[in-house]
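For reference, the structure discussed in these notes is given below.
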2 protein chains.
Amino acid sequence: MNVHLLTIGDEILIGQIIDTNSAWMSRQLNLRGLRVTGKSSVSDTREAIVDGLEQAARFADVVIMTGGLGPTKDDITKKTLADHFGSGMSFHQETYDRMAAYFAKIGRKLPDAAVIQATLPDDAVLLTNKVGSAPGMWFEQAGKVFVSLPGVPFEMEYLMSAEVLPRLSARFPGRPIAHRTLRTAGEGESNIAKRIEAFEDSLPENIKLAYLPSLGQVRLRLTGRWDSDPVPPDAEAQLGALLDAKAAELLAIIPDLVYGYDEETLEQVLGRMLRERGLQFATAESCTGGHVAHLITSVPGASDYFPGSIVSYANSVKENLLGVRPDTLVHFGAVSDETVREMVAGALTTLGADVALAISGIAGPDGGTPDKPVGTVWMAVGNRNRIVSEKHVFGRDRTKNIQLAGVYALNLVRKFLLGQV
Amino acid sequence: MNVHLLTIGDEILIGQIIDTNSAWMSRQLNLRGLRVTGKSSVSDTREAIVDGLEQAARFADVVIMTGGLGPTKDDITKKTLADHFGSGMSFHQETYDRMAAYFAKIGRKLPDAAVIQATLPDDAVLLTNKVGSAPGMWFEQAGKVFVSLPGVPFEMEYLMSAEVLPRLSARFPGRPIAHRTLRTAGEGESNIAKRIEAFEDSLPENIKLAYLPSLGQVRLRLTGRWDSDPVPPDAEAQLGALLDAKAAELLAIIPDLVYGYDEETLEQVLGRMLRERGLQFATAESCTGGHVAHLITSVPGASDYFPGSIVSYANSVKENLLGVRPDTLVHFGAVSDETVREMVAGALTTLGADVALAISGIAGPDGGTPDKPVGTVWMAVGNRNRIVSEKHVFGRDRTKNIQLAGVYALNLVRKFLLGQV
């Protein structure tokens, strides 16, 4: 079952927007065992759309189009599709009424283009868009499926989740497929690969392991497919149990690296742990300049466990608000074990926290010395009884250094709460 | 002159990475008057690459490929291209030596795959990669150009800027083209369009205006093309002078919205203004949770003008560190004009700043009331003599509310420094 993704519209071609839709769709399709074998982008002219469709359909069983359905461009894509699939167009009262109700609900005037948007191909199955105006359209021709969706990401995501993916599963029933993702932080892909080599080699044929790296983190995704016929009624349960067992095996090899599962982010895991323990957590940031506080407060409800942060970019702020001793700064420097430990102690007192994190480093691109090159970052976490610290030397890129320091620091706090450091 | 962008590799097809390369390349090509008429992605198999090339070359004069050149995948893409263009392959000592020198410089071991990476098609013009290992390749066939580049963004960007774009300009000389971009903040696309409608209508045929929106900001790009023959020697200077005049006209209509030009971001503009004025600037953030401090410190050298920030998520921090009166919090609430004004006064004193910004709001998704719905944000800026404040009501999305508050707040500080508020 091959899928081709076709984006329609000049916004992508001129580089005005980055195509995040295709990556999201690919991941969702892959998770259900549907393989994306090609992607393409065409302009919103009749000729380009028809050519794009014809090329896409050469190798694919399903073509999913996004874009070209906005109120001003409506005509071209929709009419082109109707003509291409030999369908007439009619005004669709039900769609018009739903759009009117939708715009009333969000307190906006129904656009003049609503009549045009509610004029739809007769032969398309309409996919009801509950989060926007233009409905999706589902055509079938010569055993192949062609789907047209709006390009606005949250409308596309809604229609894919609520309509397209369930319909595709029903239209092309396959064998069960399931996934378990372990999220790791603080170790690179190749080092993880070395540690779990024997595990990976021992996996049965029907379970694959994928490495999904991002800055400072690697997600390990186990994908299991049922690979024999007939498929028994409890196949999904059997597959799930097998994956759970393999995920547990994997965890047992790298318990120090795994911080969570599936979609839960590091800042969400940390927030959950702080809430469960009833702890107040504060930060004192120098080189990360507020980035860590921003990560923590990106989680809804963070005010339950996060009183605040002191971003102490200047040494005077480290001294006055965090109680770092001038002597410490003179003798050891702002980027030192001694300074981050004093910052932790200061943050606990000043912000009234049970646990505090401190970070001080040289983000770059300037400010490095032979002893402390750009990318050197000291971080410490502690409570009233105990403080632990770590030194890292990241790279030369300011933005990456700030982001890497954020990941390593949150992970350090997590390990501290678990008594692992 | 039509260009097709072809990405090679499964990372894009399975959605493991978002294709940011294509958008960057499209913008750079567009800026030079080269039109991207199609984009596609194929798997890194011989059949898929050849089919992708053939389809791309149907309508394009130039095909630019990215990806498929990594040390492990090297063979397939490079050999496929050599075969397709009827070229042999040879070991290329100069490339090998350059790679060895490059790896020595970054202090890493030369990979075993270096010999393979230095084995290259005889008929390709090699594009020297000074920031990585694999060189780019430039083929010509039947009057068309085919370029193969590594997929790593900074290597691709280096090779495009240093090699591909200058060669394309020389190979397909066109008429002069030039751009001027005005950056605005705090007003939506449609409202800007209304204010500058007469200006837009008055533009000569050879100057186009593009709206490039992002969250809270719109860039207005004027593109001028020389549209007559012969092209005089001073055509570029004439075009530049015309664009400068039009940019000045546009600025005169919306002086309140324009904060900068071309590639300079809002946080860079603000940083430059603070440095020029010799001012120390601090922030006190509640709902933005450190995001504004993070934006300010994302600019290298921010320590010259930014002593720090107090992220006062809890009311106790607002009281203890910023001196907000308990009475104020009880009577007006944490999200109020009164509170943000007291936060500014507190930040000036506590952080030793000349100018301070304060923000308090309801980021959501919960916490709204009928009087103060989710998305309500109060912000204030001031010095020892004067404080001004603004209230905004953004939307329901937590992430967007935090980002929008950041843009509006930085812009408010900018206007305060200019005496515009």
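What follows draws every value from the coordinates through simple rules; no lab data is involved. In this text the structure is predicted, and so the values were computed from the model without any measurement. All Cβ positions, glycine included, derive from the backbone under ideal geometry; neighbour counts span all protein chains shown.
Over all pairs of distinct alpha carbons, what does the Kirkwood formula give as the hydrodynamic radius of region A:2-171, in Å?
16.1
Answer rounded, prolate or oblate for region B:231-384, using the Cα gyration tensor with square roots of eigenvalues a ≥ b ≥ c: rounded when a/c is under 1.5, else prolate when a/b is larger than b/c, else oblate. If you can, show how the numbers build up before the last one.
On the way: a/c = 3.03, a/b = 2.02, b/c = 1.50.
Prolate, because a/c is 1.5 or more and a/b exceeds b/c.
So which of B:Lys39/B:Lys400; A:Lys400/B:Lys318; A:Lys194/A:Lys246; B:Lys109/B:Lys130; A:Lys144/A:Lys208; A:Lys109/A:Lys130 end up more than 20 Å apart by C-alpha?
Going by Cα-Cα distance, B:Lys39/B:Lys400; A:Lys400/B:Lys318; A:Lys144/A:Lys208 fall outside the 20 Å limit.
Using 0.36 nm per residue of separation minus the Cα-Cα distance, give me the extension gain between B:Phe103 and B:Leu215 in nm, one decimal.
My answer for the length gained is 36.3 nm.
Using a 7 Å offset from Cα along the direction of the beta-carbon, what are the separations from A:Ala142 to the same position in each other copy, nm, ascending?
Shortest to longest, the spacings are 2.4 nm.
Restricting to bridges with both residues inside the protein assembly as shown, how much of the DSSP beta-bridge set is antiparallel, in percent to the nearest 5?
Close to 65 percent.
What's the magnitude of the charge dipole for chain B around its Cα centre, counting Lys and Arg as +1 and Asp and Glu as -1 at the beta-carbon? Answer in Debye, nearest 20. Intermediate results must be reported in sequence, preceding the final value.
Numbers: 42 positive and 50 negative charges, 144 e Å.
Magnitude of the dipole: close to 680 debye.
What's the magnitude of the charge dipole for the protein assembly as shown around its Cα centre, counting Lys and Arg as +1 and Asp and Glu as -1 at the beta-carbon? Answer in Debye, nearest 20.
Numbers: 84 positive and 100 negative charges, 275 e Å.
Dipole magnitude for the protein assembly as shown comes out near 1320 debye.
Assign unit charges at the C-beta atoms only (+1 for Lys and Arg, -1 for Asp and Glu), then state the dipole size of region A:2-171 relative to its Cα centre in Debye, rounded to the nearest 20.
Roughly 560 debye for region A:2-171.
Between B:Phe91 and B:Val388, 0.36 nm times their residue separation minus their Cα-Cα distance comes to what?
Between B:Phe91 and B:Val388, full extension yields 100.1 nm more.
In what order do A:Ser43, B:Ser202 fall by count of nearby beta-carbon atoms within 10 Å, going from fewest to most?
Result, fewest neighbours first: B:Ser202, A:Ser43.
Over all pairs of distinct alpha carbons, what does the Kirkwood formula give as the hydrodynamic radius of chain B, in Å?
25.1
Would you give the gap between the C-alpha center of region A:279-299 and the C-alpha center of region B:1-72, rounded to a whole Å?
Each part reduced to its Cα centre gives a spacing of 40 Å.
Go ahead and set up a Gaussian network model of chain B, Cα springs under 10 Å, then flag whichever of B:Gly361, B:Gly151, B:Gly88 fluctuates most.
B:Gly88
Could you point to the residue in B:Gly278, B:His294, B:Ser316 farthest towards the positive end of region B:172-321's charge dipole, with +1 and -1 charges on the Cβ of Lys/Arg and Asp/Glu respectively?
Sorting the options by dipole projection puts first B:Ser316.
Looking at region A:266-417, send over the antiparallel percent of its DSSP beta bridges, to the nearest 5.
Around 60 percent antiparallel, to the nearest 5.
Net charge near A:Leu257: determine it from the other residues with C-beta under 12 Å of the C-beta of A:Leu257, scoring Lys and Arg +1 and Asp and Glu -1.
With Lys, Arg at +1 and Asp, Glu at -1, the net is +2.
Give the span of region A:257-337's Cα atoms along each principal axis, as three whole-Å numbers ordered largest to smallest.
So the extents along the principal axes, rounded to whole Å, are 45, 27, 20.
In vacuum, with every alpha carbon of region A:296-397 counted as one equal point scatterer, what does the Debye formula give for log10 I(q)/I(0) at q = 0.14, 0.20 Å⁻¹? Two decimals, please.
Each listed q corresponds, in turn, to -0.55, -1.03.
Using a Gaussian network model of chain B whose springs link C-alpha atoms within less than 10 Å, name the residue from B:Thr66, B:Thr399, B:Thr77 with the highest mean-square fluctuation.
Most flexible of the set in this elastic network: B:Thr399.
Would you mind ranking A:Val324, A:Val131, B:Val311 by Cβ crowding within 10 Å, fewest neighbours first?
A:Val131, A:Val324, B:Val311
How big is the Cα convex hull of region B:178-261 in projection, averaged over all directions, in nm²? Don't skip to the answer; put the middle values down first.
Values: hull surface 21.1 nm².
Orientation-averaged projected area of the Cα hull: 5.3 nm².
Considering only DSSP beta bridges whose two residues both sit in chain A, what percent are antiparallel, to the nearest 5? Could the numbers behind the result be given before it?
Details: 44 of 70 bridges.
Antiparallel: roughly 65 percent of the beta bridges in chain A.
Report, largest value first, the span of the C-alpha coordinates of the protein assembly as shown along each principal axis, in whole Å.
72, 70, 63
Compute a Gaussian network model of chain A, connecting alpha carbons closer than 10 Å, and tell me which residue from A:Tyr259, A:Tyr96, A:Tyr305 fluctuates the most.
A:Tyr96
Using just the C-alpha positions of region A:144-291 as equal point scatterers, what log10 of I(q)/I(0) does the Debye formula give at each q in 0.09, 0.16, 0.20 1/Å?
-0.44, -1.08, -1.22
How would you rank A:Tyr261, B:Tyr158, going from fewest to most other Cβ atoms within 10 Å of each one's own Cβ?
Ordered from fewest to most neighbouring Cβ atoms within 10 Å, A:Tyr261, B:Tyr158 come out as A:Tyr261, B:Tyr158.
For region A:91-174, what is the convex hull volume of the alpha-carbon atoms per residue, in Å³?
Expressed per residue, the convex hull around the Cα atoms of region A:91-174 is 95 Å³.
I'd like the mean, over residues of A:281-291, of how many other protein chain beta carbons sit within 10 Å of each residue's own Cβ.
5
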